[in-house]
Amino acid sequence: EETENGPGLAEFPLPDQVRGPLEQLVEDLRAWQAGEIPWRDVSRGLLLAGPPGTGKTEVARLVAREAGISVVAGSVATWQAQGERASGIVKAMKESFAKAAAQAPCIVFIDEVDAFGDRDRRDHNSSWTEYVVAALLECLDGYAGLEGVVPMAATNHVNKVDAAIRRPGRFDRVLRLGHPTPELMPKA
């Protein structure tokens, strides 16, 4: 669970079209934890898209801190480091989702989700991509209905994310972050 102090979500420089859905998620999580709404009414499946250095990873941390919940983070690179074959990635990925379920309510944050690849791109890695994307979809579908687990992801290249990962019920809300403009910066 995030316990660090410092500026929160309200102070982070975000355009309204990004801030609104993030604040809605925090509000929904609080309402669900208070027993005011069912899990099916909690907004989730947010894909943070934008160039490097726009704060996508920090936004996930801030949302979790604001809602008073934990974050379990992973990526193809961190999961790959736990095993040299695709099966090692899948095992590590499933462990992250299981850890998020055990800590629910919890955000499972997938960084650089475009690194999974796009199954429509045919090349020498096609079978690897199909296997690993299918495993991610299985994790997302298995936990989409699991109360308390909120999938969030980040990418610098939304156009490289497999269409099935972005379909409704998975990461269907794309929030585009840019570098902060002066009017978004906190006033001193």
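Structure notes:
- Taken over segment 111-126, the residue count meeting the criterion of being touching a helix residue (DSSP H, G or I) at 6+ places or on another chain (Cβ under 9 Å) and at pLDDT below 80 is 2.
- Against the test of being more than 19 Å from I107 (Cβ to Cβ), modelled with pLDDT of 85 or more and either open to solvent by less than 50 Å² (accessible area, probe 1.4 Å) or aliphatic (A, V, I, L, M) (or both), the options V132, V174, V161, V149 yield a single qualifying residue, V132.
- Here is the figure for segment 107-159: residues that are of a type outside the set (V, I, T) and in a strand (DSSP E or B) total 6.
- Some residue of segment 97-106 being in a strand (DSSP E or B), touching a helix residue (DSSP H, G or I) at 6+ places or on another chain (Cβ under 8 Å) and more than 23 Å from K160 (Cα to Cα): yes
- P21 vs. criteria surrounded by fewer than 21 Cβ atoms within 10 Å (Cβ to Cβ) and touching a residue at least 60 places away in the same chain (Cβ under 8 Å): yes
- Here segment 64-94 is the region considered, the condition is being in a loop (DSSP other than H, G, I, E, B) and modelled with pLDDT of 90 or more, and the residue that is least open to solvent (accessible area, probe 1.4 Å) is I69.
- Just so you know, in segment 24-63 the residues that are in a loop (DSSP other than H, G, I, E, B) and more than 18 Å from the chain's Cα centre (by Cα) include one that is surrounded by the most Cβ atoms within 10 Å (Cβ to Cβ), and it is I37.
- Check on R19, closer than 20 Å to K99 by Cα, in a helix (DSSP H, G or I), basic (K, R) and within 19 Å of the chain's Cα centre (by Cα): no
- Evaluation of V132 against the conditions (1) under 14 Å from R166 (Cα atoms); (2) touching a residue at least 24 places away in the same chain (Cβ under 8 Å) shows that the sole unmet condition is (1).
The values are calculated or read from the model by the stated rules, or taken from the named source; none is laboratory data. All of these numbers come straight from a predicted model, not from anything done at the bench. So basically every Cβ, Gly included, is an ideal-geometry build from the backbone, and we count neighbours across all protein chains shown. Please note that ligands, DNA and RNA were not included when accessible areas were found on the heavy atoms of the full protein model with its side chains. Shrake-Rupley method; radii C 1.70, N 1.55, O 1.52, S 1.80 Å.
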